[in-house]
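> Pasting in a structure now, in structure tokens, and then I'll have a few things to ask.
The values are calculated or read from the model by the stated rules, or taken from the named source; none is laboratory data. Only a predicted model underlies this, so the values are computations on that prediction, with no experimental measurement involved. With ideal geometry, Cβ positions are generated from the backbone for all residues, glycine too; neighbour counts draw on all protein chains shown. The area values use the complete protein model at the heavy-atom level, side chains included, leaving out ligands, DNA and RNA. Shrake-Rupley method; radii C 1.70, N 1.55, O 1.52, S 1.80 Å.
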Amino acid sequence: MKKMTLEEKIDMLGGTGFASKPNPRLGIPELKMTDGPVGVRWEKSTALPASIAMAATWDPSLVSNLGRALARETKGHGRNVILGPCVNIHREPQGGRNFESFGEDPYLAGRMAVAYIRGVQNEGVIATVKHFACNNQEFERGTISAEVDARTLNEIYFPAFRAAVQEAGVWAIMSAYNKINGLWCSENPTLLTHVLKDRGGWQEGGW
């Protein structure tokens, strides 16, 4: 980062669809992403079990093996980043993406996330835990504000993300589309600085 010009830093904020922009001067390659988390969202890919079904096994070793298989297929499609796992907690039965995450229990979601991430990253593919945080619904997700008190955030919504960072050493995190208590998650200093970095131990540039 210190070697980048301001223009280069700004350029890194954008992308070319499902890839980041490379920086040839500094030898930074593009990151080629694909959507997940229940299979590589690409032509001719394997459909893995829904994440809620993975969690229903209560078997981290099985989920880790699924992560390895997912990573291999990601590489097979010429990608090196998978946008998964999703660890949003099921608080709303009609949640449009409930199938993509691991259920309503923060502890179980954390165990599954750690297993999934380790499986993916042991194959050299970047896992991306998402969506930080409180992405409970698809309807109006780009405008809605989730009003959540501090205790609920800390005891229900944050534990799976904390496990992903502190135990699995996840290499990427995706912010949620929504707001929390009136502030967009992607520019929320409480979430991104205090919770994720200062308390959670997240560091840019690896572990």
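> For the chain, give the percent of accessible area contributed by carbon and sulfur heavy atoms, probe 1.4 Å, rounded to a whole number. Working shown, then result.
Working: 5910 of 10830 Å².
Carbon and sulfur together cover 55 percent of it.
> Something else now. When ligands, DNA and RNA are left out and all protein chains stay put, how many square angstrom of accessible area per residue does the chain have with a 1.4 Å probe?
The answer is 52 Å² per residue.
> Also: How big is the antiparallel share of DSSP beta bridges in the range 86-207, given as a percent to the nearest 5?
Roughly 25 percent of the DSSP beta bridges within the range 86-207 come out antiparallel.
> Students often forget the sequence filter, so: which lysines lie under 22 Å Cα-Cα from Lys130 once same-chain residues fewer than 8 apart are removed?
By straight Cα distance, Lys130 reaches Lys21, Lys32, Lys75, Lys179, Lys197.
> For the range 46-51, take each phi angle, set θ = phi - 60°, evaluate the Karplus expression 6.51 cos²θ - 1.76 cosθ + 1.60, and give the result in whole Hz per residue in order, putting x for glycine and proline.
Running phi through 6.51 cos²θ - 1.76 cosθ + 1.60 with θ = phi - 60° gives 7, 8, 7, x, 4, 4 Hz.
> In bins 5 Å wide, starting from 0, what share of all Cα pairs of the chain does each bin hold, as a percent?
1, 8, 15, 19, 20, 17, 12, 6, 2, 0
> Then there is this: Can you pull the accessible area of Thr152 for me, 1.4 Å probe, Å² to the nearest 10?
Accessible surface of Thr152 is approximately 30 Å².
> Then there's this: Please compute the modelled spin-label separation between Asp11 and Arg151, points set 7 Å along Cα→Cβ, answer in nm with one decimal.
5.1
> Amide H neighbours of Val148 under 5 Å, counting only residues 5+ apart in sequence or on other chains, H built in-plane at 1.01 Å?
So Val148 has HN proximity to Asn181.
> Here's something else I'd like to know. Just the accessible area for Met112, please: 1.4 Å probe, Å², rounded to the nearest 10?
So the heavy atoms of Met112 present about 0 Å² to solvent.
> Can you pull the Kirkwood radius for the range 61-114, inverse mean 1/r over Cα pairs, to one decimal in Å?
For the range 61-114, the Kirkwood estimate is 12.3 Å.
> Rounded to the nearest 5, what % of the DSSP beta bridges within the chain are antiparallel ones?
On the way: 5 of 16 bridges.
Bridges in the chain are about 30 percent antiparallel.
> Tell me, what ³J(HN,Hα) does each residue in the range 26-41 have, in order and in whole Hz, if you take phi through Karplus 6.51 cos²θ - 1.76 cosθ + 1.60 with θ = phi - 60° and put x for Gly and Pro?
In residue order, the calculated couplings are 9, x, 8, x, 6, 9, 9, 9, 9, 6, x, x, 9, x, 6, 7 Hz.
> So which aspartates and glutamates pass the test for Lys2, namely a Cα distance under 17 Å, with those fewer than 8 places away in the same chain ruled out?
Result set, ordered by chain and number: Asp11, Glu204.
> With an 8 Å cut-off on Cα pairs and a minimum separation of 6 or more residues, tell me the relative contact order of the chain in percent.
17
> With a length cut of 18 Å (Cα positions projected on each helix's long axis) and a Kyte-Doolittle mean of at least -0.5, go through the chain and give me the DSSP H helices that pass.
60-76, 106-121
> Where the centroid of each part is defined by its Cα atoms, how far is the range 118-161 from the range 29-94 in Å?
15
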